[in-house]
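In what follows, a single structure is set out as structure tokens and then discussed.
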Amino acid sequence: MMINGFNITSGVVNAAAYDNAKGIVLFLCKECLQGLGKLELPSAVAKAVEAYAAIHEDMFEVGTINTLVLPQEEGLLTVIVAGCGEGAECKPVAFRKAAGEAARALHKAKVGKAVLAAPILLNPKRGAYVEAITEGIYLGAYTFTLFKSKETKRKECEAVLLSAVAEADALVAKAAIAAEAVSYTRDLINLPGNILNPVMMADEAVKMAQTLPLEVEVLDETFMEINNMHAILAVGQGSNNPPRMVVLKYNGAGDAPYTAFVGKGITFDSGGISIKPDDNMGEMKDDMSGAGAVLGAMKAIASLKLKCNVMGVLACAENMPGGRAQRPGDVVRAANGKTIEVVSTDAEGRMVLADAVWYACHLGAKKVIDIATLTGAVIIALGKETSGIVANDDKVVEEIKLAGKYAGENYWQLPSLPECKEAIKSDVADLLNSAGRAGGCITGGLFIGEFVDAGIPWAHIDIGGTSTAEKTAGCKVKGGTGFGTLTLIKLAEML
């Protein structure tokens, strides 16, 4: 499968594997260097790398790329050494980052045929590293060029990943599907608001369901009105583009209970009447990253034919300050009957999710996980590499954190204190849609939890700081990251 200019297949370690290769990528941690001789490399390559390592102690830093060009019978051989750390750093996440850097180095060198090798893959139990390298290569090579008038075509690269892992073929194939899904999510996030609106988001989901074993339901504003979904309707009423809620169902486990992945899909967020400053407002095209992650994950889950039952719910709207827009001070009633005092129209994501998580429970979900670019407060709390979790069930939190570990995505649970619940109580309605800056990530998450049926395990993931990257590094590329997509896929595998 050619993804982002790469097609990766698996192979076994032997001297013949390097024949005709124009590039070799070696993934090395400091301790792995001693296993270099077991890779059956061409002797000139092994000697050159060992000599280079003797005078460059920093070459093992995670993501560091060192390129050697060696003469061979027909032209030149590009040897890329990708640093994977030292000691405890030698984990799949380090190899995923290093692979992202290596992918761009291979494209820069215009290598058309490459071999990927790592001493750690000589261990048959290191399947997680096979997945990490494969995902890293594909994701590091991602580009978004849809709107470039003159696209520079890169040389496509056929790469063979050498290992002693028995199930390597299946792992490479699985990782390719996952990486393609993350790339799909990135494409959606990078689309501008004049191209992707709620209706088009729903159309994209329908199009996907036509080619995969997925059931799809699209709820329009008429259905929402009949079913009292006034929270999502209030957010969307200021835009000429009407809101949509989309439900995708994947049944791979018969009568087993459904887990719901619910995504915030604000295709553009102006802030509404509580309008945002114009600085960087264009970045608000990414406010549908949660719904994008759910859509990408459902694509991979169905393609992989996983043995689980999952529904994806996309809560899509455009938050604009039109003449019909909701106002600060308005009171609306959500689908579960609770009333909401609108303090800020810029706290709109939690409102569309309020009706969406309720609908997931209404459809029979026995576990609910929502994902959203909900707050800027999460950036203040956790920075731009870690997503926050607010939940009513610690077991679900641990599942997300474990899936994140497999995906190379970081999470941290925030406390759900009684005082934070008190902060979202309104004097004139049941709830405030914003409790201000203090503990904003927590109170925003707890607001959503008020619309999950009692007794249903629930967790909220705030990707406000991780949904986009300001620069290209590792397997992340500047722009939409698709953060959370891989975690949801790994969660489904765990189910």
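Nothing in this text is a laboratory measurement; each read-out follows from the coordinates by a stated rule. Only a predicted model underlies this, so the values are computations on that prediction, with no experimental measurement involved. Positions of Cβ are generated from backbone atoms using ideal geometry, with glycine treated the same way; all protein chains shown enter the neighbour counts.
Calculate the length of the line joining the C-alpha centroid of segment 235-251 to that of segment 36-72, in whole Å.
Result: 53 Å between the Cα centres.
Sequence gap at least 6, Cα distance under 8 Å: using those rules, report the relative contact order of segment 191-494 to the nearest whole percent.
Details: 750 pairs, mean separation 64.0, N = 304.
Computed over segment 191-494, the figure is 21 percent.
Nearest 5 percent is fine: what portion of the DSSP beta bridges confined to the chain is antiparallel? Display every interim value, and only then the final one.
On the way: 32 of 79 bridges.
In the chain, approximately 40 percent of DSSP beta bridges are antiparallel ones.
Considering amide H positions built from the backbone, and no H for Pro or chain starts, which residues 5 or more places from residue 410, or on another chain, come under 5 Å of its amide H?
For residue 410, the qualifying residues are 387.
Relative to the longest principal Cα axis of the chain, at what angle does helix 43-55 sit, 0 to 90 degrees, rounded to 10?
70
Kindly rank 442-454, 202-214 from highest to lowest mean number of other beta carbons found within 10 Å of each residue.
Working: 442-454: 23.6, 202-214: 16.5.
Output ranking for 442-454, 202-214: 442-454, 202-214.
Say R0 is 22 Å: what FRET efficiency, to the nearest 0.05, do residue 471 and residue 195 get from their beta-carbon distance?
E(calc), rounded to 0.05, equals 0.35.
How tilted is helix 92-108 with respect to the longest principal axis of the chain? Cα atoms for both, answer in degrees (0 to 90, nearest 10).
70
Lys/Arg Cβ at +1, Asp/Glu Cβ at -1, dipole of the chain taken about the Cα centre: which of 84, 245, 43 is farthest positive-ward?
Value: 43.
Among 205, 473, 331, whose Cα projects farthest towards the positive end of the dipole of segment 191-494, with charges put on the beta-carbon of Lys, Arg (+1) and Asp, Glu (-1)?
473
Please compare each pair in 97/249; 125/174; 307/401; 264/299 to a cut-off of 23 Å on the Cα-Cα distance and tell me which ones are over it.
Long pairs (Cα-Cα over 23 Å): 97/249.
Explain nothing, just the number: dipole magnitude of segment 6-166 about its Cα centre with +1 on each Lys and Arg Cβ and -1 on each Asp and Glu Cβ, in debye rounded to the nearest 20.
With only Lys, Arg, Asp and Glu charged at Cβ, the dipole is about 540 debye.
Mind putting a number on the dipole of the chain about its Cα centre? Charges go on the C-beta only, +1 for Lys and Arg and -1 for Asp and Glu, and I need it in Debye to the nearest 20.
The calculated dipole for the chain is roughly 940 debye.
Where does the charge balance sit around residue 383 when Lys and Arg score +1, Asp and Glu -1, over other residues with C-beta under 15 Å from its C-beta?
-1
Please work out the C-alpha center-to-center distance from segment 341-388 to segment 140-179 and express it in whole Å.
Centre-to-centre distance over Cα atoms comes out at 32 Å.
For the chain, what does the helix formula give at 222 nm: sum of -39500 (n - 2.57) over DSSP H segments with n ≥ 4, over the residue count, nearest 500 deg cm²/dmol?
Taking each H run of at least 4 residues, the total per residue is -10500 deg cm²/dmol.
Students often check this: by mean Cβ neighbours within 10 Å, which of 280-293, 400-413, 31-44, 303-316 ranks highest, and how do the rest follow?
Per-residue mean Cβ counts within 10 Å order the peptides as 280-293, 303-316, 400-413, 31-44.
Express the relative contact order of segment 81-228 as a whole percentage, based on alpha carbon pairs under 8 Å and six or more residues apart in sequence.
Reported relative contact order: 25 percent.
If the only charges are +1 at each Lys and Arg Cβ and -1 at each Asp and Glu Cβ, what is the size of the charge dipole of segment 235-279 around the Cα centre, to the nearest 20 debye?
Charge dipole, segment 235-279, about its Cα centre: 160 debye, nearest 20.
Where does helix 440-449 land angle-wise versus the long Cα axis of the chain, in degrees 0 to 90, nearest 10?
Tilt of helix 440-449: around 70 degrees.
Of the listed values (1) 1.10; (2) 1.02; (3) 0.94, identify the label whose number matches Cα Rg over 2.2 N^0.38 Å calculated from this model.
Correct label is (2).
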